[in-house]
Structures are given as structure tokens and as C-alpha cells.
């Protein structure tokens with residue numbers, strides 16, 4: 001073979017070899033996935049929990065600073081936590097090196113949370129305060145509406161109380177409020193409630209429960225006629241109704257708006273008592289009295305459920 005032919009042969013072969021080597025050199029390697037991935041270490045888990053706790057603490061601290069901006073004393077105490085928060089930010093920036101360090105940082109986080117709640121109050125305390133204020137405001141508003149519907153109170157006096165409640169309504173409905181402001185609002189609401197209570201008419205005197213009615217006893221030797229048996233059953237029904245009435249008015253917390261209906265019921269029960277007890281009453285109707293007792297029992301039951 002001539003030299004020229006050899007050079008021509010090798011000249012054609014080298015590029016193919018080089019291309020093959022280049023392809024092999026740049027071929028992607030198969031991803032190597034460990035058979036059993038290693039779970040996070042105990043210190044990594046501790047560090048993640050501490051980072052989350054610090055983030056929540058710092059966010060709550062900033063929120064309380066905004067809510068207490070108008071109160072110099074709480075603001076000064078909140079700003080006094082700055083050094084503690086800075087140290088915690090550094091400590092939680094990396095995972096603890098050993099269990100002792102994990103425990104120490106966790107304890108400092110808990111103490112900082114307690115300090116923040118001593119200054120600004122806990123979320124549970126704020127939620128209870130907000131709920132109570134809204135209940136009191138609604139109760140005072142209901143009493144005021146009763147006065148506005150008519151009564152002996154002069155309109156200017158009612159209007160002044162209504163304007164005060166309207167002014168407090170916006171603050172009562174707010175959730176973003178400091179505990180110190182919520183408690184101050186509770187004091188003002190209590191004063192507004194006392195103001196409206198003074199405008200209400202005096203409560204009616206306690207209602208005396210109807211006196212028990214003795215069941216009519218029949219002679220043992222005589223068979224009981226139908227009217228007598230009916231009276232005896234009605235006496236038992238009346239006594240049960242009178243006891244239920246006594247339990248309701250004896251609770252000591254009867255609303256003012258119940259007084260008139262209860263007095264009317266008391267008068268009707270008195271008439272029923274007389275009708276059942278008077279065996280010589282003309283025109284006595286067993287079924288009519290039974291229906292009247294059932295009606296009063298239903299009305300008393302409905303009133304008890306309010």
C-alpha cells in the first residue's frame with residue numbers, strides 16, 4: 001500500500017474515532033439515587049422547629065408593637081425584648097450542635113413567648129375580651145331598643161345613650177386591637193350599660209306562685225262519677241303547672257319584658273284554680289277546663305325556652 005493511500009485511510013478514520021470519544025466523554029451519567037435516603041438528623045429537626053418558632057415570635061412582636069403604638073409603657077417593654085430576639089435570630093440561623101444546645105434555645109424561645117404574652121396578653125385572653133365586649137354591646141343595644149319603642153324616658157336622654165353606643169360599635173367590631181384597649185373598652189361598655197339600666201323602669205314586684213290545689217277526695221264507699229274524676233285529674237294537672245310556674249319565676253332572673261305576660265298567666269291560673277276547686281260552680285265544663293290547662297302549659301313551656 002502506498003504512503004498516500006495509508007494517509008488517506010487514516011485521514012478518514014481519525015475523525016470517526018474522535019467523534020466517538022467525544023460522544024462518550026459528553027454522554028450523560030445515570031442519576032445515582034441512594035437505595036435508602038438518610039432521614040433528617042435529630043438536630044436538623046430541632047433546628048427547623050426553632051426557626052419556625054422564632055419566625056412566629058418575631059411576627060407577633062411586630063404586630064404587638066403596631067397595636068400598642070399609642071401606649072408608651074407597653075411599647076417600651078416590647079422594645080426591651082430586642083436583645084433577646086436578636087440573640088434568638090442568631091441562634092436559630094443554624095442547627096444546634098448537640099442536644100444540650102437544642103434544649104437551651106428551645107427554653108429561651110418559650111421564655112420569650114411568655115414575656116411577650118405578659119406584656120401584650122395571649123391570643124386567648126384577647127379573644128375572650130372581644131367576645132365579652134360584643135355580648136355586652138348587644139345586650140345594651142337590646143335594652144335601648146326597648147326604651148326607644150316607647151316609655152316615660154325623655155327622647156334626648158335616649159338619644160344620648162344611643163349616640164354613645166353608636167360611637168363604640170366600630171371599636172367593638174374590630175379584631176385588630178390591643179388587649180389593653182380591649183379592657184379599656186370593656187370598662188366603657190360597663191359604664192354605658194349602667195347608664196341604660198338607670199333608664200329602665202323599676203322591675204315589677206316578685207310574682208307570687210299560685211297556691212297548690214288539693215285534689216278533691218271522694219268517699220271510699222261511693223263510686224266516683226265522671227265529673228269528680230275529671231276534677232281530680234285536673235287538680236293534678238293544675239298542681240304540676242303551678243310548680244312549673246313557681247320554678248320559672250323563682251330563678252330571680254326574669255327579663256323585664258316577661259313581667260306582663262307572667263302576670264297575665266298568673267291571673268288566668270287563679271281563675272282556673274277557683275273553677276276546679278268550686279265543685280258547685282254552675283256551667284262547669286270538664287273539657288273546656290282541660291283545654292285551658294293545656295293551653296297555659298304550652299305557653300309556659302314556650303316562655304321557658306326563650
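The values are calculated or read from the model by the stated rules, or taken from the named source; none is laboratory data. This one's a predicted model, so the numbers in the text were calculated from it and none came from an experiment. Heads up, the Cβs are rebuilt from the backbone with ideal geometry, glycines too, and the neighbour counts pull from every protein chain shown.
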Any residue in segment 162-173 that is over 13 Å from residue 134 (Cα atoms) sitting within a Cβ distance under 7 Å of a residue that is part of a helix (DSSP H, G or I)? List the pairs, counting only those 6 or more apart or interchain. 162/144; 164/192
Need the failing condition index for residue 212 against (1) modelled with pLDDT of 75 or more; (2) more than 24 Å from the chain's Cα centre (by Cα), just the number. (1)
Taking the stated definitions as given, is residue 274 exposed (fewer than 14 other Cβ atoms within 10 Å of the Cβ), in a helix (DSSP H, G or I) and at pLDDT below 70? yes
It is to be established whether one or more residues within segment 74-92 are touching a residue at least 60 places away in the same chain (Cβ under 8 Å) and farther than 12 Å from residue 53 by Cα. yes
Return a yes/no flag: does segment 177-195 have any residue that is touching a helix residue (DSSP H, G or I) at 6+ places or on another chain (Cβ under 7 Å), modelled with pLDDT of 75 or more, not assigned by TED's automatic domain parsing to the domain that holds residue 69 and not in a helix (DSSP H, G or I). yes
Determine, yes or no, whether residue 71 is under 20 Å from residue 117 (Cβ atoms) and modelled with pLDDT of 90 or more. no
Could you tell me which numbered condition residue 113 fails, if it satisfies all but one of (1) part of a helix (DSSP H, G or I); (2) under 26 Å from residue 171 (Cβ atoms)? (2)
Residue count, segment 277-287, condition surrounded by 11 or more Cβ atoms within 10 Å (Cβ to Cβ), in a helix (DSSP H, G or I) and either over 53 Å from the mean Cα position of the chain (by Cα) or modelled with pLDDT of 75 or more (or both), comes to 1
